[in-house]
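Take a look at the structure below.
The values are calculated or read from the model by the stated rules, or taken from the named source; none is laboratory data. Please read these numbers as outputs of a predicted model, since none were measured by experiment. Here the Cβ positions follow ideal geometry from the backbone for every residue, glycine too, while neighbour counts run over all protein chains shown. Just so you know, the surface numbers come from the protein's heavy atoms only, side chains and all, with ligands and any DNA or RNA stripped out. Shrake-Rupley method; radii C 1.70, N 1.55, O 1.52, S 1.80 Å.
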Amino acid sequence: MTRFLITYHGYPYPDMDTIASQRREFRVWAEKTFGPAMVDFGAPLFDAGQVSTAGPPLPPVEIDGYTIIEARSVSEVRALLDGHPFLALGGTIQINECLEV
């Protein structure tokens, strides 16, 4: 099985109460849909800065949150993400394969 980092983009969280409510709903959906494929439920993320040793840092990329899942292929990940509640909120989900080094 391969691990995939799922990152959530493009949905500004209005306040902490909304985050908590949506997170509870998402956890129920994720546990049902991902099942044992879910390695790390993840968390909301807030930009806290950058560190660079090669001049000015790159423009920040806003990442609203993450989840780590295991699957056999990207197509299996896409199938698991079908109907994801974050998409219904108008957000974008990015899939990154975690390579073993």
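Within region 71-101, the set of residues being acidic (Asp, Glu) and over 13 Å from the mean Cα position of the chain (by Cα) comprises Glu76, Asp82, Glu100.
Filtering region 30-61 to residues that are in contact with a strand residue (DSSP E or B) (Cβ under 9 Å, 6 or more places away or on another chain), open to solvent by less than 100 Å² (accessible area, probe 1.4 Å) and outside any helix (DSSP H, G or I) leaves Met38, Val39, Asp40, Phe41, Gly42, Ala43, Pro44, Leu45. Note down all Cβ pairs under 6 Å where the first residue falls in region 73-92 and is over 22 Å from Ser21 (Cα atoms), the second is assigned to a strand (DSSP E or B), and they're at least six residues apart or on different chains. Close Cβ pairs satisfying both conditions: Val77/Phe4; Val77/Ala71; Val77/Ile95. When we screen Arg27, Arg23, Arg3 for residues that are outside any loop (DSSP other than H, G, I, E, B), open to solvent by 50 Å² or more (accessible area, probe 1.4 Å) and more than 19 Å from Gly91 (Cβ to Cβ), the only hit is Arg3.
The residues in region 48-65 that are closer than 18 Å to Thr92 by Cα and at pLDDT 85 or above can be counted, and the count is 5.
All told, Thr92 meets the bar of being open to solvent by 70 Å² or more (accessible area, probe 1.4 Å), touching a Gly at 6+ places or on another chain (Cβ under 7 Å), under 25 Å from Val28 (Cα atoms) and at pLDDT 90 or above.
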